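To keep things clear, I will list the structure first and then write my remarks on it.
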Amino acid sequence: MLLGLAFAVFCTGLSFGFSALFPQGERWLAEWQLSHRSSQPLSSSLALVRADEKSSALCGKGRWNLHVLESTFQALHQAGASVIAPMLDVALPIASECGGLSGLVQLAESTKQVGSVVYPGSVPSALAQAAKQTGFVELPLDEIEKIGGFTFNASSLSSPNVPFGIAAVSGSKTHVLAPTTNSFLYVPSLTFQQGRMVIPSYPYTDLWSLIQAGQGEELARLFKAKVIFLYSGSTLNPSALNISGDMVALLHAKLANAYLTNSWVVPAPWSMAFFMALTLGLLGMVFMLDELPPDRFSFTRRGIGLVVTVLFFWGFQLDWLWPLFSMGLAMGMTIVGVSLWKFSRSRSTVQECITEREQQLTLLEDELSGKQHHVRELETQLSVAQQQTNQSVTVIKELEVSQHTSRSQLHKYQDEAQETRQKIERLQEELSDIRQHVPVISEKSSSAVLPVDDQELIEECEAFKILTRDQVVFQLFHNLKKAAATQVPILLLGETGTGKEVFAKAAHALSPRRQGPFVSVNMAAIRAELFEGELFGHVKGAFTGAIGRTGFLESAHGGTLFLDEVGDLPLDLQAKLLRFLEDGGFHRVGQSVVTHVDVRIVAATNRDLQDEVRAGRYREDLYYRLRSIVLTLPPLRMRSEADHILLAQSFLQKCALAQHRTDLAFTQGALDAIVGYPWPGNIRELRQTIAQAVALSSGSVITEAELNLEVPRAEGRREHGIKEDLGQREDAMVLDCLRRHKFEMQATASTLGWDRGTVTQRLKGLGFQALMEYQGDIHAAARKLAGEEQFVRVVEGRLREYTNNLVPRSKKYGSVDEAIADCRKRFRNLPERHFPAVEHLLHERFTAP
């Protein structure tokens, strides 16, 4: 092992030396790393203002009108700009049309008065002395050996050589982060070729129009607390690089942004890179060697693999620039060296193996000869025994008597075995009865280990108090995460008690507004005469006794407003809510000024809003405003049995903990009752039922009777479970037969002894179940049913046909209930166990945008 370590160190050192002699490979991989880095973060404290050649601010190519510039400084200072950084070239003497010497003096006085102006180092001394700070425009830029972009080493930021962009932000009130001495800024050359400006940029003509119009509030909105770079298309173009004045300004702005956001490129330390390369080489060597004992080999491989994984994650979290060429070369050289060493050893090992096999063959031949001799001796003994048997008639009679005795004993043992079976059956019946009254092992201790992906998804759901093992709810949570990242309203539909507020809070926590407030409003609980005051707020004196109050909308500014029971809002109040949703503004009661707030709307209702719209009880325009993204929560009865048990165990644990009773558990009978009950009140009813049972129970277990549910008798539940299990087995048998016959209906029907129509209905039912499981994704459902890739297209075509037949084009339904009733008439031969899937798909079809 020490020899292998020494060899890995030698290969690592040799690879780093080779990279130093031939650096081109390292440069290629460095270019790949830099081109795949995450996008540079953008500071909100920067703004660019560009004056074109025809602007009134210029009096020649690249020359600024000093009087106009003075007015610009004053206006931006009054607007609250943090720093004003004009990239101008003032050469003496100054032409009269540019302001002359008097303009220079007035500009210096204005600069001193403003106090937050940063000039290039090339301006006259009068301006430089009046400025807060100066910086040079021509940067020490060079290309990193054709690496594909421009770089600027952070060590060049030290005084007195301060670039103009760094001087601007270091003079602002914004907190900045200093880079390390070996870090550098990387700007891809594509940025200079295409001129992409991700930093906000404004034409000077728009700025000057706002100044002349006296739009102070608009100026403050655009430029308050910002560092503003003023420049023109011919701004101080450095001769070292063939780039435009726009690119000079953009480069300084990017330097300022990198300084503000600390987005510098940091090369990995040489020692860390060498250690990582050595570890990779050792990992490759351990995988190639098989000399170690199995337990030691597995431990060594896992240990080195764990070290590599931790170092890679740690290193790439730090966003270092790694010498991938040297590291890969070290690993490759180590693996090749070990392979050659193994090959040289294998030749001598083969000859040793041949000699060993010849010796084994000789031993086997000797052993075979001895066994043949032993066989001959046994044959002789057998012959003697046969002669003795023929001569001993008395012995034969004794054997017959012994045989009769043995038969008698056999019958006796058979009778005893029958009695034992009957005892076992009685004990099993007693055991089944006992199971109804003994605690059930907790799900966490008895459940099997889930796959890593499912476990991560479960933990993510539980972080937002969503307890489930149901694929439908998992898909719903996945859609909620995507919806939360947007700013459009979310409409949550579902029966009472299905957890709509829990999903609303999860949408807020998953959104960019998670740091803002979450305000929940029950629309059905607000009286009509108090609606405006509660939602919009009122000012002092708005009515008798009014002392001023902030409404729900203002309270939710910057966050999320949850409008619960939005379907119960009266018609006259719907118009007031719609007005706010259209323009984002409202009037406080007693105030004529419009107030604007920034809120994200999440609404919920247990009503069918489409029916309400058709009945004239709900405004259609408000409905379409709210239904940008619609998510339908399934009732508890349509969720899996695992969800029933999971929720019940969670509620039991919380209720028992609240009463300081940690020894409570469910009996099997209680769990069967929970799974079999329809729960019309959904999760809320389940929680209240368990809380009542915990409060009234006196023992250490919760029985079926203590739940106080109207459920069928145990025999009825067992019969229902048997029928359900038989139905599932029958579905599996039909699907297996379809796959064997390549989904040919007639061949499958002949094998099963059915008619073609029955097989079609069974496949249709299986298709509806798969479509419900995969949220209407036809391709995913077809892949599950097909089993093999060659049948996916055939099954996908049939599922598409079945989906279209759910709501035929020739029929118009007034509600989802009419569609369900019609499907029950048209699908008379469809097994009843598949109709919940049909109802689910129709609900999704009618509530989809």
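The values are calculated or read from the model by the stated rules, or taken from the named source; none is laboratory data. As the structure is a prediction and not an experimental result, all values here were calculated from the model. Counting neighbours? That spans all protein chains shown, and the Cβs are built from the backbone with ideal geometry, glycine included. Accessible surface is based on the protein model in full, side chains and every heavy atom, while ligands, DNA and RNA are left aside. Shrake-Rupley method; radii C 1.70, N 1.55, O 1.52, S 1.80 Å.
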D206 accessible area, assembled protein chains, probe 1.4 Å, Å²
90 Å²
Please report the carbon-and-sulfur percent of the accessible area for region 559-598; probe 1.4 Å, protein heavy atoms only, DNA, RNA and ligands left out.
51 percent
Please give me, ordered by residue number, the trypsin sites (Lys or Arg not before Pro) of region 1-108 that lie in loop per DSSP and have at most 14 other Cβ atoms within 10 Å.
R37, K54, K61
Where region 509-583 is the region considered: accessible area per residue in Å², 1.4 Å probe
48 Å²
Other-chain or far-sequence residues with amide H under 5 Å of V117's (modelled H)
I84, K132
In the neighborhood of L219, defined by Cβ-to-Cβ distances under 13 Å, what is the net charge if each Lys or Arg adds +1 and each Asp or Glu adds -1?
0
Among trypsin sites (Lys or Arg not before Pro) in region 743-849, those in a DSSP loop whose Cβ has at most 10 other Cβ atoms within 10 Å are R809, K811, K812, R828
Taking every other residue with Cβ under 11 Å from the Cβ of G567 and scoring Lys and Arg +1, Asp and Glu -1, one gets -4
Name the chymotrypsin sites (Phe, Trp or Tyr not before Pro) in region 321-384 that are in a loop by DSSP and that have at most 12 other C-beta atoms within 10 Å, would you?
none
From highest to lowest solvent-accessible area (probe 1.4 Å; ligands, DNA and RNA excluded), R627, R527 read R527, R627
What net charge is computed for the residues neighbouring P120, neighbours being all others with C-beta under 10 Å from the C-beta of P120, Lys and Arg scored +1, Asp and Glu -1?
-2
